[in-house]
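First comes the structure, then the notes that go with it.
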Amino acid sequence: MKGKALSLLSDYGLFVILVILVAISALLSPLFFTAANLKNFISQASYNGILSVGMTFVILIGGIDLSVGSIVGFASILYGTLMHGNFFTFMPNEIFIYKGATVLTPILPLPFDIIFVLLIGGLLGFLNGVISSRFHIHSFIVSLCMMIFVRGLAVSYTNGQPLFGVPDSISYLAYGEPLGIPMPAIVWLIICIIAVWILKYTRFGRRIYAVGGDEEAARLSGIQPSLYQIFPLIVSGLLAAAVGIIMSGRMGCGDPKIGEGWQTDAIAAVVIGGASLSGGKGGIGGTIIGVLIMGLINNVMNLLEIDAYPQQMAKGIIIIAALAIQGVFSARNSND
Amino acid sequence: MTEQRVILEARGINKSFPGVKALDNVDLFIKAGEVHCLAGENGAGKSTLIEILGGTYQMDSGELLLNNQIINLQNPKHAQELGIAVLHQELPILRDLTVAENLFLGRQPRSRFGLVDYRKMYKDAKKWLDIISADINPRTILGRLSVSKQQLVSIAKSISLEAQIIILDEPSAVLTDVELKRLFAIIASLKAEGKGIIYISHRLEEIFEIGDQVTVLRNGKLVGSEPIQNLNRADLVKMLVGHEVLESYIANQSIDKNRTPVFEVNGLNHGHLVRNINLKVSSGEIFGIYGLVGSGRTELARAIIGADRINSGQIILDKKKVCIKSPADAIGYGICLVPEDRKGQGLLLEKSISENISLPSLKSLKGKLLLNYGKISKYSDEYMKKLRIIASDSGQTVKYLSGGNQQKVVLAKWIGMNLRVFIFDEPTRGIDVGAKEEIRNLIRDLARDKKSIIFISSEIPEILSIADRIGIMHEGRMIAILDRSDATKEKLVAYSMGGIAV
Amino acid sequence: MNRLAKYISHDSDLSIILRYVVLLILIVVASIMAPGFISMQNMLNLLRSFSFLGFISIGMTFVILSGGIDLSVAAILAFSGVLLGLFQHWGIYLGHVDTLSLLAPTPILFLIILSIGSIFGLINGLLITKLRIADFAATLGSMIFIRGFAFAISGGRSIFNLDGMALFLGRGMVGPVPFVAILFFISVIICSIILRYTIFGKRLYATGENPIVARLSGINPQKYKIIAYTISGFFASLAGICMAGRLNVGEPRVAEGWELDAIAAVVIGGTSFAGGKGGVINTVLGVIIIGLIRNILSLLGILPDPQEMIMGIVLLFAIVIGSLGTRKGSLARV
């Protein structure tokens, strides 16, 4: 009976925690349940939400992608460069004098610039995946190197300067509110739907679970693992690039420094959502709740005007606590 | 009896692994509507054969014919597509997915739009589970089911593949009696549908109950293939055992005449493979444990030395109860284990002979403050010489030694430590014949030194040549303990397959 | 010595030679680019600048030998420096910023900080062994926490001006030799003695190479893993104190990303990710190679950010090379 109660708790516990957190937030700050704050909360959460979808894919195969924060920054500056017609003149720093350059001279017409940036993001993810799969190096270490490389690339590209000016269509992605719903949230929702479709309703997605759960069992069932190990990292890189584009819209500039440390929020959200770091367990539903929980904690800490630094400490503790709870649970299950 | 059509033919299959000829020119003919039992002792080559049929291993030579067509299996997927389904002994399952997912892993039913059709998947899963009358909800997470229910799911899976050939590798090991009856009923109905079934079991009575034909392998060679009705139990046992010359048992002079037990195990329980084990070993005695793979021998050894936590039971040394919670405790009391998996559990493969030999006894090789390499070197040279380990010197990396020499290094780790109880788990597996005898002689020497020895082996001639008493394990229980004088090959085989002596 | 060689096994290793070749090439390149490179003075300066990374790499060597990985070292380094600044400016909470006001005599402060660093390491070890959290995940969490902690206690400010003893640690000279380099080499010697000539060392190697074999040989692998993380915490904190002394500031932003440099130094040195193979002397070689690459990049006039980019590739390359031949999935152990 106790086991049943526990499994119920692990099935629905997350949702209960979310509800409790909402209640606490409302009690702590009267500002919480205002339309402005809720809109702000949901659009803030959306950025992490989109990254977390990619991270869910990666964690499902037992990997981790630390490079997403850097890819956000790289995509942002890459997009900015595309807007200023200088993409092919990658030159030493002095030549780049972008300050005040708000006249847009896009190299590619509208949908293609976005597609191009997304493809580059996907390519970076692909590199993560291939190196980690081919050389059997855990993706956390490959993506750690990638994180440093991509950030260095992004920052040195414009000597750390932001590139101002983005087209209205991109600003709309960040600030638009069709039907009163913030655009980032809509993008997040669409991505979630696609992700659920892939993970839950295609054989491809189910095979990702199989490979993450037990590579050998998957192989015996006639699945070739390497494709399913590389694909999630591509998704993660691609979605990070998407976040980078929307962030450019939000800030009105391409900023190479944006996204620093965001990978940890994404990891935290996925882990809180119940995914196992050893792979094979987790899903978009859990991740959405994880993102909302992380977002709520951020939002409330901001409303209570807690400094950024204790906030960071809290995140470290939340990650460890979520993992510790998982560890204790799985230890108990395996003892049965 | 009407002539049945042969659906699967394997002719002249050869397969070698480094150092071992696993299959030597083996033939196998599977007819439609036949339950074909595959029997043999451990290491006879049964598993290798089915791995080849299932596409996991590639054969070195020989040919496979399916419905008179030559086939060339590439991988497990290919075998599945051709209609050969294997139920593996080690269940390849995904604990975090539902029962239905596991049933249809990689081949989930799809709706018109190419999406996984969950409703149909659950319905189909329910259908297959109903066919084998398993009361399991297809939506349950597999990891939450008992082991026997998980096995039923795997059985349902191998049937659901609707293959022509279904290979069941010891499906009965974890099933309850009721579930086993159901399994037999399922096999009967599959037979009626004209499928070919390869059934591997370590239980004699099962072979007689459901088998039509039995093929016996021994040491990778085909011993024979006979219709079951032409055989009785004694015949089958004879086929399994063969007529090898027994190595002579050298009477052990060193056993304590009163047989006062030095080492006792009382009512030891651990999981489902160590059930209420009692045994006593006196000083200078070699107590043999015989059992098939999966009978719980290794689990018993691990439980004794505290490598796995026991559920209940006592270990008694010199009439005093000792509390062993870890291998370190066991070593402290003078009990050690030479594990079955030499490379994975016995040796640090990347390290030198000297480093391996001295690992457990570093404390005695310390100077005042630091390790004394002079001592270590002398110590390991001494035991290298004593055990006749053949290597250029004690600095050689053990990875490059032969199996026999590697095993001697593992022995050397413990022999120098002045321990009292030695547990050997398959100490001669995968070693050439000469080295085997050397290892056995080393163990006899230990007995002469008044050590108590537990010797686990699945080779009957070996255990008969060395053990003073033999305990036989079957499905986690010690079902008989025989004195050397009473023990025969036939008895060991019969007991280990869960029967009584013929 | 002959006996030792016999014990350690003469598994000849071409890749070690390769590492010396790389080192030689780097030295040649550097001396061509900067004529003063070969001078004694420059060598000693370089030694000093390598020492800080050197300390955390020593700790990382213990952890990687035990089969783990520690991402929190750079955060512990920063935290310890900030702590030193705070402890020496205790009056900061009373509004006096620039004057020294020691909480306790400086040697005692060192002891306290080193203990705190070690405790962070200990906690990492406990999280990993007792709560069964994956090595990288646990230390990633503590990295975020500790770095945040460093910012929180300093309010994000740099705490300038430390006392003489702290400065001596980072800047002092003994004759012509920087004190911190001496400290580093003493640490290297002590640690290689520990790894080679003590039971602890032997058991740590055994734990890292194969915890199952270690356990069946009467070793408690968890204990050795915990100690390895504790040592790593200790050295990270020692590096933090010295670094603060060198820069004369307790700075929460210091050494960001150094955990990767340390990992790379250990791996370039030839210590295997699979655990159980390598040693501190090898790591010194790795530290020097990493340090020289950075030095050459600076000599080339490459700015910090592109330097990071190039280092990212160098590190990835080093890790890929270092992992060739290790057994499959050795890092995927969870």
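The values are calculated or read from the model by the stated rules, or taken from the named source; none is laboratory data. Being a predicted model, the structure only gives us computed values, none of them experimental. Cβ placement follows ideal geometry from the backbone for every residue including glycine, while neighbour counts extend to all protein chains displayed.
If you check B:Glu226, B:Glu209, B:Glu162 for being surrounded by fewer than 18 Cβ atoms within 10 Å (Cβ to Cβ), in a strand (DSSP E or B), charged (D, E, K, R) and more than 21 Å from the chain's Cα centre (by Cα), only one passes: B:Glu226.
Contact annotation: residue pairs with Cβ atoms under 7 Å, 6 or more positions apart or on different chains, pairing a residue in region B:450-478 that is modelled with pLDDT of 90 or more with a partner that is outside any loop (DSSP other than H, G, I, E, B) and among the acidic types (Asp, Glu), are B:Ile456/B:Asp425; B:Arg469/B:Asp483.
Restricting attention to region B:167-192 and to residues that are in a loop (DSSP other than H, G, I, E, B) and either of a type in the set (Gly, Ala, Ser) or in contact (Cβ under 8 Å) with a residue 60 or more places away in the chain (or both), the residue that is farthest from B:Leu240 (Cα to Cα) turns out to be B:Val174. Can you find a residue in region C:161-171 that is part of a helix (DSSP H, G or I), within 14 Å of another protein chain (Cβ to nearest Cβ) and surrounded by fewer than 22 Cβ atoms within 10 Å (Cβ to Cβ)? Taking every residue of region C:161-171 in turn, none turns out to be part of a helix (DSSP H, G or I), within 14 Å of another protein chain (Cβ to nearest Cβ) and surrounded by fewer than 22 Cβ atoms within 10 Å (Cβ to Cβ). Here A:Gly279, A:Gly274, A:Gly286 are screened, and the one residue that is touching a residue at least 40 places away in the same chain (Cβ under 8 Å) and within 11 Å of chain C (Cβ to nearest Cβ) is A:Gly279.
Checking each residue in region B:307-335 for being among the β-branched types (Val, Ile, Thr) and either within 14 Å of chain C (Cβ to nearest Cβ) or assigned to a loop (DSSP other than H, G, I, E, B) (or both) picks out B:Ile310, B:Ile324, B:Ile331, B:Ile335.
Residue by residue, here is whether (1) in the same structural domain as B:Ala330 (by TED's automatic domain parsing); (2) crowded, with 23+ Cβ neighbours inside 10 Å holds:
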{"residue": "B:Met384", "(1), (2)": "no, no"}
{"residue": "B:Ser392", "(1), (2)": "no, no"}
{"residue": "B:Gln396", "(1), (2)": "no, no"}
{"residue": "B:Ser402", "(1), (2)": "no, no"}
{"residue": "B:Glu426", "(1), (2)": "yes, yes"}
{"residue": "B:Arg429", "(1), (2)": "yes, no"}
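For B:Ser457, the test of being within 30 Å of B:Leu359 (Cβ to Cβ), over 22 Å from the mean Cα position of the chain (by Cα), of a type in the set (Gly, Ala, Ser) and crowded, with 21+ Cβ neighbours inside 10 Å is failed. For C:Leu84, the test of being assigned to a loop (DSSP other than H, G, I, E, B) and within 25 Å of C:Ala228 (Cβ to Cβ) is failed. So, A:Ile59, is that one under 16 Å from A:Gly212 (Cβ atoms) and surrounded by 24 or more Cβ atoms within 10 Å (Cβ to Cβ) or not? For A:Ile59, the condition - under 16 Å from A:Gly212 (Cβ atoms) and surrounded by 24 or more Cβ atoms within 10 Å (Cβ to Cβ) - is met.
Mind listing just one residue for me: the one in region B:346-359 that is touching an Asp or Glu at 6+ places or on another chain (Cβ under 9 Å) and under 22 Å from B:Glu426 (Cβ atoms) and, of those, nearest to the other protein chains (Cβ to nearest Cβ)? Of everything passing the filter in region B:346-359, B:Leu348 is nearest to the other protein chains (Cβ to nearest Cβ). So is A:Leu173 modelled with pLDDT under 90, within 14 Å of chain C (Cβ to nearest Cβ) and within 19 Å of the chain's Cα centre (by Cα) or not? Spelling it out, it is not the case that A:Leu173 is modelled with pLDDT under 90, within 14 Å of chain C (Cβ to nearest Cβ) and within 19 Å of the chain's Cα centre (by Cα).
If you go through region B:390-414 and pick out every residue that is within 14 Å of chain C (Cβ to nearest Cβ), touching a Leu at 6+ places or on another chain (Cβ under 8 Å) and free of Cβ contacts under 8 Å to residues at least 40 places away in the same chain, you end up with 1.
Taking helices (runs of 4 or more DSSP H) as the structural unit, those lying wholly within region A:181-277 and holding at least 1 residues that are within 24 Å of B:Lys77 (Cβ to Cβ) correspond to A:183-201, A:203-213, A:215-220, A:225-251. Annotation: B:Gln108 fulfils all but one of (1) without any contact (Cβ under 8 Å) to a residue 60 or more places away in the chain; (2) surrounded by fewer than 21 Cβ atoms within 10 Å (Cβ to Cβ); (3) assigned to a loop (DSSP other than H, G, I, E, B); the unmet one is (2). For region B:124-156, filtering for residues that are part of a helix (DSSP H, G or I), free of Cβ contacts under 8 Å to residues at least 24 places away in the same chain and under 20 Å from B:Asp169 (Cα atoms) leaves 1. In a residue-by-residue description of region B:36-47, the property of being modelled with pLDDT of 85 or more and surrounded by fewer than 20 Cβ atoms within 10 Å (Cβ to Cβ) applies to no position. Against the numbered list (1) under 29 Å from C:Thr129 (Cα atoms); (2) away from chain A (no Cβ under 14 Å); (3) of a type outside the set (Lys, Arg), C:Phe151 comes up short only at (2). Working carefully through the options C:Gly245, C:Gly218, C:Gly257, find the one that is in contact (Cβ under 8 Å) with a residue 60 or more places away in the chain and either surrounded by 24 or more Cβ atoms within 10 Å (Cβ to Cβ) or under 28 Å from B:Gly367 (Cα atoms) (or both). The conditions single out C:Gly245.
None of C:Ala228, C:Ala239 is within 30 Å of B:Ile335 (Cα to Cα), crowded, with 22+ Cβ neighbours inside 10 Å and under 13 Å from the mean Cα position of the chain (by Cα) except C:Ala228. Here C:Gly218 passes the criteria (1) under 25 Å from C:Ile146 (Cα atoms); (2) touching a Pro at 6+ places or on another chain (Cβ under 6 Å) except the one numbered (1).
Where strands (runs of 3 or more DSSP E) fall wholly inside region B:428-502, the ranges with 3 or more residues that are of a type in the set (Val, Ile, Thr) are B:452-457. Whether any residue in region B:87-101 is surrounded by fewer than 20 Cβ atoms within 10 Å (Cβ to Cβ), farther than 25 Å from A:Ile194 by Cα, acidic (Asp, Glu) and within 26 Å of the chain's Cα centre (by Cα) is what I want to check. Yes: one or more hits.
Would you be able to say whether some residue in region C:228-244 is among the hydrophobic types (A, V, I, L, M, F, W, C) and within 14 Å of chain B (Cβ to nearest Cβ)? Scanning region C:228-244, I find no residue that is among the hydrophobic types (A, V, I, L, M, F, W, C) and within 14 Å of chain B (Cβ to nearest Cβ), so the answer is no.
The residues on offer are C:Tyr7, C:Tyr93, and the sole one that is buried (at least 20 other Cβ atoms within 10 Å of the Cβ) and modelled with pLDDT under 75 is C:Tyr7.
Residue count for region A:125-174 under the criterion of being in a loop (DSSP other than H, G, I, E, B) and over 21 Å from A:Tyr47 (Cα atoms): the result is 7.
Per-residue answers, yes or no, for (1) modelled with pLDDT under 95; (2) within 14 Å of chain A (Cβ to nearest Cβ); (3) not in a helix (DSSP H, G or I):
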residue	(1), (2), (3)
C:Thr207	yes, no, no
C:Arg215	yes, no, no
C:Gly218	yes, no, yes
C:Tyr224	no, no, no
C:Phe273	yes, yes, yes
C:Thr283	yes, no, no
C:Ile288	yes, no, no
C:Gly312	yes, yes, no
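Matching residues to (1) in contact with a strand residue (DSSP E or B) (Cβ under 6 Å, 6 or more places away or on another chain); (2) within 20 Å of B:Leu337 (Cβ to Cβ); (3) β-branched (Val, Ile, Thr):
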{"residue": "B:Lys436", "(1), (2), (3)": "no, yes, no"}
{"residue": "B:Ala447", "(1), (2), (3)": "yes, yes, no"}
{"residue": "B:Lys450", "(1), (2), (3)": "no, yes, no"}
{"residue": "B:Glu462", "(1), (2), (3)": "no, yes, no"}
{"residue": "B:Ala480", "(1), (2), (3)": "yes, no, no"}
{"residue": "B:Arg484", "(1), (2), (3)": "no, no, no"}
